Amino acid sequence: MSHLLEVKNLVTRFYTEDGIVHAVNGISYTLDEGESMAIVGESGSGKSVSVLSVMGLIPSPPGKVEAGEVILNGRDLLKLSPEEMRHIRGKEIAMVFQDPMTSLNPVLTIGRQMTEGIELHLGLSKEEASQRAAEMLSLVGIPNAEDRLNDYPHQFSGGQRQRIGIAMALSCNPTILIADEPTTALDVTIQAQIIDLVKKLKEQLGMAIIWITHDLGVVAGLVEKVAVMYAGFIVEMGSVHDVYKDTSHPYTLGLLESIPKIDSKEKRRLIPIPGLPPDLLKEPTQCPFAPRCRYAIDKCWEENPPLVAIAPNHTAACWRAEEIHEGLRIDLPAGEPA
Amino acid sequence: MSEAKTATAQNELIPGTTKDVLVRVQNLKKYFPIRRGVLRRQVGAVQAVDGVSFEIRRGETLGLVGESGCGKSTTGRTILQLEKPTGGQVFFGDQELTNMSSSELRKARRHMQMIFQDPYASLNPRMTVGNIISEPLEIHNIGNAASRKERVQELLRLVGLNPYFINRYPHEFSGGQRQRIGIARALATNPSFIVADEPISALDVSIQAQVVNLLEDLKQELGLTYLFIAHDLSMVRYISDRVAVMYLGRIVEMGHRDEVYDHPLHPYTQALLSAIPIPDPDKEARRKRIILEGDVPSPANPPAACRFHTRCSYATDICREVDPEFRNFGTDSREHWVACHHAEKFND
């Protein structure tokens, strides 16, 4: 069976004054129709750059997608002209951004911004497009949708603006919705509203979702599949259960150990990941996580481990993944390094 | 530890402290005027903090949580008199801060310091790390050049940085390291009370635990008292002894952390806690979320009586008419205060 989206060996670099930033270093994943996946990582992990590369939105220069294929419905998106990509973006793949304050144009009405894409992609008349926009706004829970089309972004609250961003993204029935940290700028109770909304919309409309986040909590109850990124590599990928419960990469393990459990009375000391985030200017030859890893052995400093299967549909890029998968745990040495 | 001794000695120097309360806040108010028109006439006020009272005991960490705009940061800044309060009193030991002259206040400030959220914005990029950390020592006229340098190196070591970094500039450091520099600066004058305003929100997940562990170690070693302000409720439960929950300028619930987190008695706290995602797919699948409708009302025009009634599914007539009193549902040793007319309903 063929996949809806297939990303193969994607490599994206930025050519800056300081040197070459190795942002994405050959990542591969697939997404099936109606499937939801999360890409989890910290700042600089390459999670956003990887999806911007898929969307053809990498600013060039300084950025460049150097290698790889992005196959959507049998076509390689990386080979399309900018004009052809314009008809893919918004129609087949749509995106919701982190900051609802800045992703909307402040001087245009919501209606004007929404109908532009609808007219282009669905070939509707102005009135039909307005009607469609109003329908989408009520679908995402904006009251008095028809009147509010004439309002400007500042007349809406942060949560409402993110709802508008979602309405806009879904207005042309995309098969894939990419959400880039859509709730990071929002308060928890508003975040819960948005997550609830996206779950409902997915049931109703059936689109596939790629949800980018740094928060392991947000996606635990939301997606089926998780890819964990570090220094431009996918270091672990599998079902949400596999990655959270049968964790097989020391970095994923470290992320889970370093956050306190809100539902636990027990107060055990947090186990931080020592050291600093990776320097992306260096070409990765060793395991990029080795300098911060308590599981590291000599081999980790010599060769970067490939992403290999450790169980069906569960992969990890670590020389000791099998041991960790089977339950190997190493405690932080006393007098932990800061 | 030499620092530990000095800190304890200093605490004893604050005279007349009753029980073991270090900071007492009474009916604190901070309104920001809204001005309009050519004459900048005041047409209203944002009631950022509206009648907040609590105590912080010596050696404890009080967590202050709430969503953006609830007034938690303004509360912290107003306690330290970085904002002039509109009303109410703040006692530090037995000194009342709100009517002090600026020179008295400067003396008192030695004992209370602040750690800021954004380690990128709160350090002057043109100053070396050494100058940044020794600045408070110069302002308070502590020591001479040589002893200050020694103190800076000691502080760098204390926060887990290499003393050799003294001549470097902030841009040479990562976010987590900058926050350590901010902490070293706050500790320079040997304070007994620290207001930490979202000290880890700007940091990556893997770095947050490093900074939180550091704050805990320093508290132990130096005998510090913290007001820890944050919106990350998991981290607040972890670091705090007691927790206060704010909504629209008021504290709605306050008590021992396990009381507040395991038996929340205010519908807002209940919704807030249920909204936090748990990084465990099995638990998430079983959880029921309370989804609050709508947005937080404007603090310039807050709802009358109980401020939460516009979003509360339990609200009845009394909630729209009478301001709920703060009542203790816990014991004397393990307090649990809540401002809700219907709290009995949740206290089974």
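A simple spin-label model places the labels of residue A:266 and residue B:344 3.9 nm from each other, with each point 7 Å out along Cα-to-Cβ.
Calculated from DSSP H runs of 4 or more alone, at -39500 (n - 2.57) each and per residue, what is the 222 nm mean residue ellipticity of chain A, nearest 500? Working shown, then result.
Values: 12 runs with 107 residues, N = 338.
The per-residue figure over chain A is -9000 deg cm²/dmol.
In straight-distance terms, cross-link reach from residue B:283 covers every one of the aspartates and glutamates whose alpha-carbon lies under 14 Å from its own, apart from those fewer than eight places away in the same chain; here that gives A:263.
When all alpha carbon pairs of segment B:240-284 are counted in 10 Å bins from zero, the resulting P(r) reads 27, 49, 21, 3 %. Sorted from greatest to least, the principal axis extents spanned by the alpha carbons of segment B:14-77 come out as 51, 28, 15 Å. Partner lysines whose Cα lies under 18 Å from the Cα of residue B:107, excluding those fewer than 8 positions away in the same chain, are identified as B:84.
Carbon and sulfur atoms: what percent of the 1.4 Å accessible area of segment B:204-348 do they account for?
Working: 2720 of 5690 Å².
C and S fraction of accessible area: 48 percent.
Using a Förster radius of 22 Å, what is the FRET efficiency between residue B:167 and residue B:146 based on their Cβ-Cβ separation? Nearest 0.05, please.
Numbers: r = 16 Å, r/R0 = 0.71.
Calculated transfer efficiency: 0.90.
Unpaired Cys in chain B, meaning no second Cys C-beta under 4.7 Å: B:70, B:312, B:340.
What translational diffusion coefficient, in µm²/s and rounded to a whole number, does the Stokes-Einstein relation yield for segment B:58-139 at 4 °C and a viscosity of 1.567 mPa s, taking the hydrodynamic radius as the Kirkwood radius over Cα pairs?
Details: Rh = 15.0 Å.
This corresponds to a translational diffusion coefficient of 87 µm²/s.
For segment B:145-244, the C-alpha radius of gyration divided by 2.2 N^0.38 Å, with N the number of residues, is 1.09. Taking the accessible area of segment B:9-150, probe 1.4 Å, and keeping the other protein chains in place, the carbon and sulfur fraction comes to 48%. Per residue, the average separation of C-alpha pairs within less than 8 Å and at least 6 apart gives chain A a relative contact order of 20 percent. A helix-only calculation puts chain B at -10000 deg cm²/dmol for mean residue ellipticity at 222 nm, using -39500 (n - 2.57) for each DSSP H run of at least four residues, averaged over all residues.
Kirkwood's formula applied to the C-alpha pairs of chain B gives a hydrodynamic radius of 21.6 angstrom.
Quick one: Debye curve from the C-alpha atoms of segment B:125-188, no solvent, what's log10 I(q)/I(0) at q = 0.24, 0.25 Å⁻¹? Debye intensities relative to I(0), on a log10 scale: -0.96, -1.05.
For chain A, the spread of Cα positions along the three principal axes, ordered from largest to smallest, is 66, 50, 44 Å. In a Debye calculation with equal point scatterers on the alpha-carbon sites of the protein assembly as shown and no solvent, what is log10 I(q)/I(0) at q = 0.06, 0.10 Å⁻¹? Scattering profile of the protein assembly as shown, log10 relative to I(0): -0.38, -1.08.
To two decimal places, what compactness ratio does segment A:167-208 give when its Cα radius of gyration is scaled by 2.2 N^0.38 Å?
Numbers: Rg = 10.7 Å, N = 42, 2.2 N^0.38 = 9.1 Å.
The reported ratio for this selection is 1.18.
Here is the list for segment B:318-348: GluC sites (Glu not before Pro) lying in DSSP coil, each with at most 11 other C-beta atoms within 10 angstrom of its C-beta, are B:325.
Sorted largest first, the spans of the alpha carbon positions of segment A:61-213 along the three principal axes are 45, 38, 34 Å.
Between B and A, buried accessible area summed over both sides at probe 1.4 Å, in Å² to the nearest 100? Before the final figure, lay out each step's value.
Numbers: alone 17020 and 16830 Å², together 29970 Å².
For chain B against chain A, roughly 3900 Å² becomes buried.
Placing one equal scatterer on every Cα of segment A:158-235 and applying the Debye formula, the log10 ratio I(q)/I(0) at q = 0.16, 0.19, 0.23 Å⁻¹ is -0.61, -0.85, -1.19.
Considering only A:245, A:261, A:299, the mean-square fluctuation computed in a Gaussian network model of chain A, springs between alpha carbons under 10 angstrom, is largest for A:261.
Share of carbon and sulfur in the accessible area of chain A stands at 50%, probe radius 1.4 Å.
The values are calculated or read from the model by the stated rules, or taken from the named source; none is laboratory data. All figures in this text were calculated on a predicted structure; none of them were measured in a lab. Ideal geometry is used to build each Cβ from the backbone, glycine not excepted, and the neighbour counts take in all protein chains shown. Remember, those area values only see protein heavy atoms, side chains included, never the ligands or the DNA or RNA. Shrake-Rupley method; radii C 1.70, N 1.55, O 1.52, S 1.80 Å.
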